[in-house]
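The values are calculated or read from the model by the stated rules, or taken from the named source; none is laboratory data. Please read these numbers as outputs of a predicted model, since none were measured by experiment. Don't worry about glycine lacking a Cβ; one is built from the backbone with ideal geometry, like all the others, and counts go over all protein chains shown.
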Amino acid sequence: MNTAMTLEVWSLLALIFIDLAFILLLYRKEFLPDVVVVKKRRRKWEDLYIREVVKTEDGTFTNKTLKAVFTDHSNVYVDQCKME
């Protein structure tokens with residue numbers, strides 16, 4: 001293979017790579033949601049509810065809270081956890 005042909009091959013591969021990178025960039029921008037990392041505050045107490053999935057009048061589904069099972073419920077190991 002001569003030098004001119006090698007240069008043409010590498011140029012073509014570089015062009016294909018740039019096109020693929022551009023398509024991927026557009027895909028990520030248009031179709032993937034923005035992900036936001038939020039540090040959650042650890043709660044020692046929480047309420048636990050019985051929920052039911054129901055179909056609404058317009059045909060969509062939603063969670064319906066029936067009643068609270070535990071109020072101010074705590075995990076037995078919460079005091080041993082070293083994560084913040």
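Residues checked against (1) modelled with pLDDT of 80 or more; (2) out of contact with any Ser or Thr (no Cβ under 9 Å at 6 or more places or on another chain):
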{"position": "10", "(1), (2)": "yes, yes"}
{"position": "28", "(1), (2)": "no, yes"}
{"position": "34", "(1), (2)": "no, yes"}
{"position": "41", "(1), (2)": "no, yes"}
{"position": "55", "(1), (2)": "yes, no"}
{"position": "60", "(1), (2)": "yes, yes"}
{"position": "66", "(1), (2)": "yes, yes"}
{"position": "75", "(1), (2)": "no, yes"}
{"position": "84", "(1), (2)": "no, yes"}
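The set of residues in region 61-84 that are under 11 Å from residue 46 (Cβ atoms) and hydroxyl-bearing (Ser, Thr, Tyr) comprises 71, 74.
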